[in-house]
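Below is one structure, written out as structure tokens; the observations come after it.
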Amino acid sequence: MSKTTSYQPSFANGSVNINGQNKASTVKRGETVYGNYNMNNYEKALYDYAQKTLPQLVQNVNTFSPETMQSINNQLNTYQRQGQNYINQIYTPMINNLKNDIASRFGNLDNSMFMNNLNNIEYNRSNAIAELADNLISRQSELVNNELSNRYNYINLLNTLQNQYNNLALNTIDSSLGLSNTGIAYNNSVANKNTSNGFDLQQIASLAKLATLFI
């Protein structure tokens, strides 16, 4: 009786090449199938930076360093000086003009007209100073919120970048695995064909042996 050796299907490695560079591969070691994505130097630098920086940013997102606080205070001081200069440019000439007008008309400033007008000017100037103080508080909140917004936007940018690389790696590995499965399917097809042929040869051999009994 003849002995037929059937063809055993083997695992087919998968590989994805882009512009001459191997980007992903699928290999089998033992009973485990591994998928690997190969980053170029630029991808690796960005990915490593995002992974290293994100935890630090998230941990300290609401903590302002002395340098950041100094920057905010400097901007507030500039805003305050500009506001004070604006107020002085409006009300200082008004007071001086009032003094000159009253002095030229009455010879002195010791009269009710001067005091009444002066009180009106000072009242308006006090309101302007109070408004400036309120604006400083609003400006401070705006600067703090802008700083926080910039930080959260940067965190989102790095997180998006990291997720995009993860998705790219998974999709490319899936493509490599798909090519591997195509190879496995081909090997199975060959194995099935060879197994089928083996059965046919065995049947022929059996019939030939049976035929000798009648000779």
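The values are calculated or read from the model by the stated rules, or taken from the named source; none is laboratory data. This one's a predicted model, so the numbers in the text were calculated from it and none came from an experiment. No Cβ is skipped: glycine too gets one built from the backbone with ideal geometry, and neighbour counts run over all protein chains shown. These area figures cover heavy atoms from the full protein model, side chains too; ligands, DNA and RNA do not enter into them. Shrake-Rupley method; radii C 1.70, N 1.55, O 1.52, S 1.80 Å.
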For a quick check of understanding: with a 1.4 angstrom probe and all protein chains in place, what accessible area in square angstrom does Leu148 have, to the nearest ten?
40 Å²
Using the basic label-point model (7 angstrom from Cα toward the beta carbon), what is the Ser175 to Asn120 distance in nanometres?
8.0 nm
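Evaluate the relative contact order of segment 74-146 (contact order divided by residue number), counting alpha-carbon pairs under 8 angstrom at least 6 apart; express in whole percent.
Working: 27 pairs, mean separation 32.5, N = 73.
Reported relative contact order: 44 percent.
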Signed unit charges on C-beta, dipole axis of segment 99-147, positive-most listed residue Asn117, Leu132, Ile102
Ile102
Binning every alpha carbon pair distance of segment 44-90 at 5 Å from zero, what are the percents per bin?
4, 18, 12, 12, 12, 10, 9, 8, 6, 5, 3, 1
With θ taken as phi - 60° and the coefficients 6.51, -1.76 and 1.60, list the Karplus ³J(HN,Hα) couplings across segment 111-116 in order, rounded to whole Hz; mark glycine and proline as x.
8, 5, 4, 5, 5, 5
